[in-house]
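K.L.:
First the structure, which I've put down as structure tokens, then a few questions once you've had a look.
Bear in mind that the values in this text are calculations on the coordinates, not laboratory data. Quantities reported herein were computed from a predicted structural model and do not represent experimental measurements. Here the Cβ positions follow ideal geometry from the backbone for every residue, glycine too, while neighbour counts run over all protein chains shown.
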Amino acid sequence: MKETPLWYYFLWGLVLIIFKVSFRIKIRGKGNIPSRGPLVLASNHLSYLDPVVLGLLTPRRMNFMAKEELFKNSLFRLLITQLGAFPLKRERGHRPAYERALAILRGGGVLILFPEGTRARDGKLGHLREGAIRIALRAGVPLVPVVIRGTDKILPRGKGTIRLGKIKVQIGKPLAAVKLDKNKDFKRKADEFLSSLNKRMRKLSDELCRG
């Protein structure tokens, strides 16, 4: 795994201060994120701001998939690539992105995944897809559930301007690593794992709603 450059720590600290002042960001459960070793952060998805917020949960460098269209602008591509993004085609089973994700985890990195697959339109936790589960299971790494609230109000869908607001993040306890490479029971185990993630994320969502 590549060593995290010093500029990343500087930028991380600066952005964290900005978010604390401007968006009164409140993070609960930071101790649930391991300080070392590979892991998947599985979060709900409300806004393009979400990867930035998730990147503030730990100074460890994050990696995340972003839709291919975001890489068409050369300046923006340079920016998000430096922040850990790599392209994902919308077609089902995009192999290069899948292999890149596995390589990151096998190298001891942190991968952000959004199991819903797209930004929620109503702010509620939607249907979780199997893709995030498959990557975590194939790599045999722990998966940490995360729920975000408020980013859809700060950078709404279809809007290009950022508004002031409050962001809340709830981090759950990790789901233990279970490696099931080429296992005949993979589908059943993946369904069980997905069900556990769904329950954990909905519980976290309820906890955030209660304040």
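K.L.:
Please compute the length gained on full extension between K26 and K166, using 0.36 nm multiplied by the number of residues separating them and subtracting their Cα-Cα distance.
P.N.:
Full extension of this stretch gives 49.6 nm more.
K.L.:
May I pose another question? With θ set to phi - 60°, apply the Karplus curve 6.51 cos²θ - 1.76 cosθ + 1.60 along the stretch 17-31 and write out the HN-Hα couplings as whole Hz, x wherever there is a Gly or Pro.
P.N.:
4, 4, 5, 5, 6, 7, 10, 6, 4, 10, 10, 10, x, 4, x
K.L.:
Which order results if D206, D152 are arranged by neighbouring Cβ count within 10 Å, fewest first?
P.N.:
Starting with the residue having the fewest Cβ neighbours, the order is D206, D152.
K.L.:
Looking at (1) 148; (2) 122; (3) 107, which value of volume of the Cα convex hull per residue in Å³ comes from a calculation on the structure shown?
P.N.:
Given (1) 148; (2) 122; (3) 107, the structure-derived one carries the label (2).
K.L.:
For the stretch 108-119, in order, what is each residue's ³J(HN,Hα) by Karplus, 6.51 cos²θ - 1.76 cosθ + 1.60 with θ = phi - 60°, in whole Hz (x at glycine and Pro)?
P.N.:
x, x, 10, 10, 8, 10, 10, x, 6, x, 7, 6
K.L.:
Determine, for I80, I133, I104, the number of other Cβ atoms within 10 Å of each Cβ, and report the residues in order from fewest to most.
P.N.:
Result, fewest neighbours first: I80, I104, I133.
K.L.:
With 26 Å as the limit, write out which pairs from K89/K187; K72/K173; K30/K159 have Cα-Cα distances beyond it, or answer none.
P.N.:
With Cα atoms farther than 26 Å apart: K72/K173; K30/K159.
K.L.:
Something else: Can you put F10, F186 in order of Cβ neighbours within 10 angstrom, beginning with the fewest?
P.N.:
F10, F186
K.L.:
If I model a spin label as a point 7 Å beyond the Cα along the Cα-Cβ vector, how far apart are those points for I18 and D185 in nm?
P.N.:
If labels sit at I18 and D185, their model points lie 4.8 nm apart.
K.L.:
Quick one: length gained pulling L75 to R121 fully straight, 0.36 nm per residue minus the C-alpha distance?
P.N.:
Between L75 and R121, full extension yields an extra 13.8 nm.
K.L.:
Continuing with the same structure: Once the Cα gyration tensor of the stretch 1-57 is found, what semi-axes does its equivalent ellipsoid get, as square roots of 5 times the eigenvalues, in whole Å, sorted largest first?
P.N.:
19, 17, 12
K.L.:
Under the rule of at least 5 residues apart or a separate chain, name every residue whose amide H is placed under 5 Å from the amide H of L175.
P.N.:
L143, V144
K.L.:
Whole-Hz Karplus ³J(HN,Hα) for the stretch 34-46, in order, using 6.51 cos²θ - 1.76 cosθ + 1.60 and θ = phi - 60°, x for Gly and Pro?
P.N.:
x, 7, 8, x, x, 6, 10, 9, 9, 10, 5, 9, 10
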